[in-house]
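K.L.:
First the structure, then my questions, so here it is.
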Amino acid sequence: MKPMQEIESWLALGLVDGLGGESMRRLLRAFSTPAEIFSANITALERVVKRKVAYNIVQGVDQKRIAATLKWLEEPANSIITLADRDYPSLLLNIPDPPPLLYFKGRRELLNSHALAVVGSRNATPQGLANAEAFAEAASNAGLCIASGMASGVDAAAHRGGLRGSAASIAVVGTGLDIVYPAGNRQLAHELAEKGALISEFPLGTPAIGSNFPRRNRIISGMSRGCLVVEAALRSGSLITARQALEQGREVFAVPGSIHSPLSKGCHALIKEGAKLVESADDILCEFGYRLMQSATLDADGPEGEESVLLAHLGHDITNIDTLCVRSGLTVEMVSAMLLAFELDGVVASLPGGRYQRLR
């Protein structure tokens, strides 16, 4: 563990106003340690960074913020990870913009575990959520820690699946670690802190700022061996993560969907660009030489008779009762009763507007 004085100098460096990651790395190359940076005069600093930033370094930072973070670090699960640490995630060192300082909560041994990023829409369909959870659980049971961004929708489902598996899950967030965003994921955040981990490059107290979320995506993909996109619209933040993964030399996988669904357009675009189409977790695991330890199947044994006829006509596209009656030749009463039974069994999801979608 670092001496407290060294921790304070790293924290102070991370809090210098206007000092970004690239400038921080240049300073570290020039002066070796944060303590040496703060000992340098403004003339020496100006040879490396802009005058305003050099002035801010000489002026020092708000000691109250450092004190608040030191108080936060008294919790056993909380720590900071720097470029000088041996357990800094090795894959992150190879990306173009590795964060010099990471705030961490949870199981530190997960930092260098083999990971799979699983990302997708915040407004995912029931099928998308089921897919994300099943893929993540299977990959986790095979030994891949699941990395995602703790957003609503696919991210949250992926974390849940990863935590159910043996390799757990890591959330890379776009706020300070003392803030849970979105607030609805508070229970999930507690589970991640206890069984997995949460990471942020942003200081404590950093609120949910839109520009921070695309930035954190490079860490999600950078820590992972590959990136799976489950559902994504064409202008989705998940596609940013996928393209960053490609730039970082990672494998990219995409789950196909209905040609009529806007949430499948992004995945189909990735597949056209060379992402690997996957239909099961085994498609991903084989790519990395893993074996499916506990199969999480997305299919179920189909019912017989009229029920199987209805499911065949329902398919996996979203539709309504009237359309199903025309396709199947069954009465409204029969279709309604069967859909209710399917919904109770988790085979079909009821969507707004009297529409339905098959889940498996």
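K.L.:
So, of the residues in the range 269-283 that are part of a loop (DSSP other than H, G, I, E, B) and open to solvent by 40 Å² or more (accessible area, probe 1.4 Å), which turns out to be nearest to A134 (Cα to Cα)? Break it down into steps so the answer makes sense when it comes.
P.N.:
Restricting attention to the range 269-283, the residues satisfying the condition of being part of a loop (DSSP other than H, G, I, E, B) are 273-275, 278-280.
Applying the additional criterion that residues be open to solvent by 40 Å² or more (accessible area, probe 1.4 Å) yields 273-274, 279-280.
Working: E273: 25, G274: 24, E279: 11, S280: 9 Å.
The extreme case among them is S280.
K.L.:
For the range 254-268, which positions are surrounded by fewer than 23 Cβ atoms within 10 Å (Cβ to Cβ) and either more than 13 Å from S236 (Cα to Cα) or among the charged types (D, E, K, R) (or both)?
P.N.:
Listed by number, the residues that qualify are P256, S258, I259, H260, S261, K265.
K.L.:
Collect the residues in the range 112-149 that are over 21 Å from A233 (Cα atoms) and not hydrophobic (A, V, I, L, M, F, W, C), keeping them in residue-number order.
P.N.:
Matches in the range 112-149: N112, S113, H114, E137, S140, N141, G143.
K.L.:
Given the options L91, L101, name the one that is under 17 Å from the mean Cα position of the chain (by Cα) and either open to solvent by 10 Å² or more (accessible area, probe 1.4 Å) or modelled with pLDDT of 95 or more (or both). Full working, then the answer.
P.N.:
Values: L101 fails: under 17 Å from the mean Cα position of the chain (by Cα).
The match here is L91.
K.L.:
Now for a separate question. Taking the condition touching a residue at least 24 places away in the same chain (Cβ under 8 Å), closer than 19 Å to S90 by Cβ and either part of a strand (DSSP E or B) or of a type in the set (V, I, T) (or both), does I170 pass?
P.N.:
On the way: touching a residue at least 24 places away in the same chain (Cβ under 8 Å): yes; closer than 19 Å to S90 by Cβ: yes; either part of a strand (DSSP E or B) or of a type in the set (V, I, T) (or both): yes.
Here the answer is yes, as I170 does meet what is asked.
K.L.:
Right, another one. Of the residues that make up the range 298-316, is at least one closer than 18 Å to N131 by Cβ, at pLDDT below 75 and acidic (D, E)?
P.N.:
Among the residues of the range 298-316, at least one is closer than 18 Å to N131 by Cβ, at pLDDT below 75 and acidic (D, E), which makes the answer yes.
K.L.:
For the range 104-128, what are the residues that are surrounded by 22 or more Cβ atoms within 10 Å (Cβ to Cβ), modelled with pLDDT of 95 or more and in contact with a Lys or Arg (Cβ under 9 Å, 6 or more places away or on another chain)?
P.N.:
Once the filter is applied, which keeps residues that are surrounded by 22 or more Cβ atoms within 10 Å (Cβ to Cβ), modelled with pLDDT of 95 or more and in contact with a Lys or Arg (Cβ under 9 Å, 6 or more places away or on another chain), the range 104-128 yields G106, A115, L116, A117.
K.L.:
Does any residue in the range 14-35 that is under 21 Å from G205 (Cβ atoms) come within less than 9 Å, Cβ to Cβ, of a residue that is part of a helix (DSSP H, G or I) and acidic (D, E) six or more places away or on a different chain, and which pairs are these?
P.N.:
P34/E6; P34/E8
K.L.:
Hey, another quick one. Could you pull out every one of the helices (runs of 4 or more DSSP H) wholly within the range 1-41 that has 3 or more residues that are open to solvent by less than 20 Å² (accessible area, probe 1.4 Å) and of a type in the set (A, V, I, L, M)? Can you show your working first?
P.N.:
Numbers: elements: 4-14, 21-31, 34-39.
Passing ranges, in order: 4-14.
K.L.:
Quick test for you: out of A54, A84, pick the one residue that is of a type outside the set (D, E, K, R) and surrounded by fewer than 18 Cβ atoms within 10 Å (Cβ to Cβ). Walk me through how you get there before you give the answer.
P.N.:
Values: A54 fails: surrounded by fewer than 18 Cβ atoms within 10 Å (Cβ to Cβ).
On inspection, the qualifying residue turns out to be A84.
K.L.:
To continue, here is another question. If you take the residues in the range 59-88 that are farther than 30 Å from G249 by Cβ and in a loop (DSSP other than H, G, I, E, B), which one is nearest to the chain's Cα centre (by Cα)?
P.N.:
Applying the first criterion (farther than 30 Å from G249 by Cβ) to the range 59-88 yields 59-78.
With the extra rule that they be in a loop (DSSP other than H, G, I, E, B), the set shrinks to 60-62, 73-77.
Working: G60: 34, V61: 31, D62: 32, L73: 24, E74: 27, E75: 24, P76: 24, A77: 20 Å.
Among residues in the range 59-88 that are farther than 30 Å from G249 by Cβ and in a loop (DSSP other than H, G, I, E, B), the one nearest to the chain's Cα centre (by Cα) is A77.
K.L.:
Is there a residue being crowded, with 16+ Cβ neighbours inside 10 Å, free of Cβ contacts under 8 Å to residues at least 60 places away in the same chain, aliphatic (A, V, I, L, M) and not in a loop (DSSP other than H, G, I, E, B) anywhere in the range 187-209?
P.N.:
Within the range 187-209 (the criterion being crowded, with 16+ Cβ neighbours inside 10 Å, free of Cβ contacts under 8 Å to residues at least 60 places away in the same chain, aliphatic (A, V, I, L, M) and not in a loop (DSSP other than H, G, I, E, B)), the answer is yes, since at least one residue qualifies.
K.L.:
Going by the structure shown, is E231 part of a loop (DSSP other than H, G, I, E, B), among the charged types (D, E, K, R) and in contact with a Leu (Cβ under 9 Å, 6 or more places away or on another chain)?
P.N.:
Yes.
K.L.:
Okay, next question. Under the condition of being part of a helix (DSSP H, G or I) and aliphatic (A, V, I, L, M), which residue from the range 115-131 is farthest from D282 (Cα to Cα)? Walk me through how you get there before you give the answer.
P.N.:
As a first pass, look at the range 115-131 and keep what is part of a helix (DSSP H, G or I): 126-131.
Those still in the list that are aliphatic (A, V, I, L, M) too: 129-130.
On the way: L129: 18, A130: 16 Å.
Applying the filter and picking the extreme gives L129.
K.L.:
Does the range 167-176 contain any residue that is of a type in the set (S, T, Y) and over 14 Å from A117 (Cα atoms)? Steps first, please.
P.N.:
If we filter the range 167-176 for residues that are of a type in the set (S, T, Y), which is where we start, we get 169, 175.
Going one step further and asking which of them are over 14 Å from A117 (Cα atoms), we end up with 175.
The answer is yes, given that some residue of the range 167-176 is of a type in the set (S, T, Y) and over 14 Å from A117 (Cα atoms).
K.L.:
If you don't mind, there's one more thing I want to ask. If you take the residues in the range 309-360 that are hydroxyl-bearing (S, T, Y) and without any contact (Cβ under 8 Å) to a residue 40 or more places away in the chain, which one is surrounded by the fewest Cβ atoms within 10 Å (Cβ to Cβ)?
P.N.:
Taking the range 309-360 as the starting set, the residues that turn out to be hydroxyl-bearing (S, T, Y) are 319, 323, 328, 331, 336, 350, 356.
In the following step, the residues that additionally are without any contact (Cβ under 8 Å) to a residue 40 or more places away in the chain were identified as 319, 323, 328, 331, 336, 350.
Working: T319: 18, T323: 15, S328: 18, T331: 10, S336: 14, S350: 14.
Checked the range 309-360; the qualifying residue surrounded by the fewest Cβ atoms within 10 Å (Cβ to Cβ) is T331.
K.L.:
In this structure, does V49 turn out to be more than 29 Å from the chain's Cα centre (by Cα), in contact (Cβ under 8 Å) with a residue 40 or more places away in the chain, over 27 Å from K195 (Cα atoms) and not in a helix (DSSP H, G or I)? Walk me through it before giving the result.
P.N.:
On the way: more than 29 Å from the chain's Cα centre (by Cα): yes; in contact (Cβ under 8 Å) with a residue 40 or more places away in the chain: no; over 27 Å from K195 (Cα atoms): yes; not in a helix (DSSP H, G or I): yes.
Against the criterion (more than 29 Å from the chain's Cα centre (by Cα), in contact (Cβ under 8 Å) with a residue 40 or more places away in the chain, over 27 Å from K195 (Cα atoms) and not in a helix (DSSP H, G or I)), V49 does not qualify.
K.L.:
If the Cβ limit is 7 Å and pairs must be 6+ apart or interchain, which residue in the range 132-158 that is closer than 14 Å to S280 by Cα and open to solvent by less than 10 Å² (accessible area, probe 1.4 Å) pairs with which residue that is in a helix (DSSP H, G or I) and among the β-branched types (V, I, T)?
P.N.:
Correct list of pairs: A132/V154; A139/I284.
The values are calculated or read from the model by the stated rules, or taken from the named source; none is laboratory data. As the structure is a computational prediction, the values presented were derived from the model and not from experiment. Positions of Cβ are backbone-derived with ideal geometry, glycine not excepted, and every protein chain shown enters the neighbour counts. We work out accessible area using only protein heavy atoms, side chains counted, and drop any ligands, DNA or RNA first. Shrake-Rupley method; radii C 1.70, N 1.55, O 1.52, S 1.80 Å.
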